[in-house]
Structures are given as structure tokens and as C-alpha cells.
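Engineer: This is the structure, below, for whatever I ask next.
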Amino acid sequence: MFVDYAEIELAAGDGGSGAVSFRREKYEPKGGPDGGDGGKGGDIFVRGSSNMATLLDFRYKKMFQAPHGKRGGKNNRTGESGPPLVIELPIGTVIADTKSKRVLADLTTDGVDILIARGGKGGRGNTKFKSSTHQAPRKAEPGIPGEKYTVSLELKSIADVGLVGFPNVGKSTLLARLSAAHPKIADYPFTTKTPNLGIVRISEYRSFVMADIPGLIEGAHSGKGMGVRFLRHIQRTRILVYLLDIMSPDPGEDLETLKSEMKAFDPGLLKKKSLIAFNKIDLMAERPAGIDGFSSDDDEICYISAASGENIDNFLKKLSGKLLEND
Ligand SMILES: Nc1nc2c(ncn2[C@@H]2O[C@H](COP(=O)(O)OP(=O)(O)OP(=O)(O)O)[C@@H](O)[C@H]2O)c(=O)[nH]1
Ligand SMILES: [Mg+2]
């Protein structure tokens, strides 16, 4: 199962309490205070890991507690600190505080640790409370509690280009044609159940990442079909490709339906740069010069066949042109 959203609880370790203790030596039965400070509670870090692809592990394990600091000891011994707890998450995970919605971390790189919940400081032992008037303080502090958060984990793929379209229009076929990815392709809707990423090379030195997501249908925003949750995987792309089936009764209307479903999820998606590609032109008796006023000279429009490869060069040229534009 592919899981791209989870909520978990994080509790950094509490600081250990300071000790109350007095030196006891043979000839000095009433020695001064020697209670050490408590240790610091363990911090919680998150780390991006390219070995993980989903948040599945976090569906079941919901609570993460870092170890507490140990209590201070006699002879001014500071208690041991709680070791840090490192939680590995897939690259592309955005971690936010569920209450304030504030983003605490965005894991875009492999192997980098980000501190998200700080362990509490240890309390001071009674040695620290000694003064000229207080030679034998019986006072020590408790440790400070560690930070606690309930956080949402949201996996948002990191891709440059996102493919969106109705089911069965050929999104996976297009990704397979352009990259070394092998997404499942079949002649029925909802073949793709989880996002696929592929690297598309445009020259020796340039490549970009393309994301293929499950198809959308009318009513997806209210849960129809696969719903719209997979749109979170294209929220970070710079460019969207609206892929349409040219054999559909009304491709123009398909585009409007697609856009209104996307708008219901995140209106910002429609502000992205985009390219409209009509697929399956190999099935037409004649090649289109323009459909419903769309001209193929238009920078935004392309007519292609993902299956036969016809006009794919032109599509890639327009797409890379857009990618290279400054935002
Ligand atoms: N004739 C023709 N068939 C195509 C073309 N592109 C894709 N197909 C066929 O259309 C069907 C659906 O292709 P997919 O790539 O699985 O479509 P999809 O958009 O990924 O579909 P979902 O994953 O269900 O959303 C398959 O049978 C493909 O072989 C094309 O350019 N021409
Ligand atoms: Mg597919």
C-alpha cells in the first residue's frame, strides 16, 4: 500500500532532575553539597532517506519518544544525556505542526538531519545552590520537559514536470516513452495507483524529473475514482502537462473538467506554467491542423502519439523550452 499522509506524535526527552547530595567523608561527616545536574533530554531529528518510498511505516507507529536525561548523581556527576532519536522519512516529506500548520522541515536531500523537537535541559543539582548564606542547600531543580508536537507528514514527490489527465489517456505511456521508467500501462482506467517518477534526458547535461500520477475524473475532489490526494505529488512541479485524449468526444471540455477538479484541491495548481498535449493522434484518419481554434504552432499546445512516438520530439522541445525559461 502506498501511503503519502500520516500524523504522528513526537516527544523529545525530558531533562533529568538535579540531585540533592552531600559529601560524606570519614573525617568530614557534614561535607558540602555535591549533587550534580540532570542530563539533557534527547532531541528528535528527521532525516531524508532515498531508500524509503512511502509513509507506510508511520500508519501504525504513531508515537515517538526520545529518551529522557538521567538524574544527576553525587560527586557532582552530571546525569547522562538522552541520546537523540533520528526518524528516517522518504525524500519529499514535508513535516508540519498540525496545530499551527507551520512547516518544521522539508526533506529535500538525502541524509541530512534536521532538528524538530528539542530535548529539555537537565535541572541543576544542589551544588549550584550553595552560597555564603546557604552552605547546605537541600534544593535542586527538576528537568525541563522536552518539546512535544503532533505533526503531519506529507509526502510530496519532487519532480519538475507533472502529468495530469483523465484515466487511460496515456500518461504512463508518455512517461515510459520519455524515460527509463516502466510504469504499468493497460487499456483500462486507474491502471496507475501510485505516482511514478522518471528521469527525462534532454541533452548530455540536462535532465528533468517527470511525475505520472493516477488519473482524475469528474467529481474526484469529492472522492470519486482515486480522488485528488495524488495531486499533492505535483504541487511542487514547475510545469504541468495536461494530457488529453484526442479521440474523446470533447477534449476541450475534458480540459475544463480537469482544471476544475484541480482547482478544488489547490487553486495554485492552475497558476503553474503548462503545456496541453493531445495524445493518440495515431488513431486519427487525418492529422489535425488545429482543434477548436487551438493551433499546433502555439507554444502551449502539442499533438502527439505517446504510443508511436509521433511528434514527441516537438513536445519535448516545447517542454524543455518552458523548463529553461526563468520564472
Ligand atoms: N493508439 C494509442 N494508444 C495509446 C497511446 N498512448 C497510450 N495508449 C494506450 O492507452 C491505454 C492507456 O494508457 P496508459 O498509459 O495506461 O494511460 P494512463 O493515462 O496512464 O491511465 P491511468 O493510469 O489509468 O490513469 C493503453 O492501452 C495504451 O497502450 C497513443 O498515443 N496511441
Ligand atoms: Mg497510468
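Engineer: Could you look through region 298-327, keep only residues that are in a loop (DSSP other than H, G, I, E, B) and within 22 Å of Lys271 (Cα to Cα), and pick out the one that is modelled with the lowest pLDDT?
Structural biologist: By that ranking, first place goes to Asp327.
Engineer: Tell me which strands (runs of 3 or more DSSP E) are completely within region 163-269 and hold 3 or more residues being open to solvent by less than 10 Å² (accessible area, probe 1.4 Å) and within 16 Å of ligand 2 (Cβ to nearest atom), or say none if there are none.
Structural biologist: Per the criteria, 207-212, 239-245.
Engineer: Moving to a separate point now. Applying the selection to region 139-157, what residues are open to solvent by 20 Å² or more (accessible area, probe 1.4 Å), in contact with a helix residue (DSSP H, G or I) (Cβ under 9 Å, 6 or more places away or on another chain) and part of a loop (DSSP other than H, G, I, E, B)?
Structural biologist: Passing the criteria: Lys139, Ala140, Glu141, Lys156.
Engineer: Name the single residue that is farthest from the chain's Cα centre (by Cα) among those in region 173-197 being among the aliphatic types (A, V, I, L, M) and farther than 22 Å from Ile281 by Cα.
Structural biologist: Within region 173-197, the first condition is being among the aliphatic types (A, V, I, L, M), and the residues that meet it are 174-176, 178, 180-181, 185-186, 197.
Filter once more, keeping what is farther than 22 Å from Ile281 by Cα: 180-181, 197.
Numbers: Ala180: 24, Ala181: 21, Leu197: 15 Å.
My answer is Ala180.
Engineer: Given the residues Ile304, Ile276, which is the only one that is out of contact with any Ser or Thr (no Cβ under 7 Å at 6 or more places or on another chain) and within 12 Å of Val164 (Cα to Cα)?
Structural biologist: Ile276
Engineer: Name the pairs whose Cβ atoms lie under 8 Å apart, with the first residue in region 156-180 and in contact (Cβ under 8 Å) with a residue 40 or more places away in the chain, the second part of a helix (DSSP H, G or I) and of a type in the set (Lys, Arg), and 6 or more positions between them or separate chains?
Structural biologist: Final answer for the pair search is Lys156/Arg232; Leu163/Lys171; Val164/Lys171; Gly165/Lys171.
Engineer: Now, a different point. Cβ-Cβ under 8 Å, sequence separation 6+ or interchain: first residue in region 78-106 and open to solvent by less than 70 Å² (accessible area, probe 1.4 Å) and among the basic types (Lys, Arg), partner modelled with pLDDT of 95 or more and not in a loop (DSSP other than H, G, I, E, B). Which pairs?
Structural biologist: That search, which allows pairs on different chains as well, returns nothing.
The values are calculated or read from the model by the stated rules, or taken from the named source; none is laboratory data. Predicted, not measured: the structure shown is a model, and the values here were computed from it. Glycine also receives a Cβ, built like all others from the backbone with ideal geometry; neighbour counts cover every protein chain displayed. The protein model used for the area step is the full one, side chains on, heavy atoms only, and it has no ligands, DNA or RNA in it. Shrake-Rupley method; radii C 1.70, N 1.55, O 1.52, S 1.80 Å.
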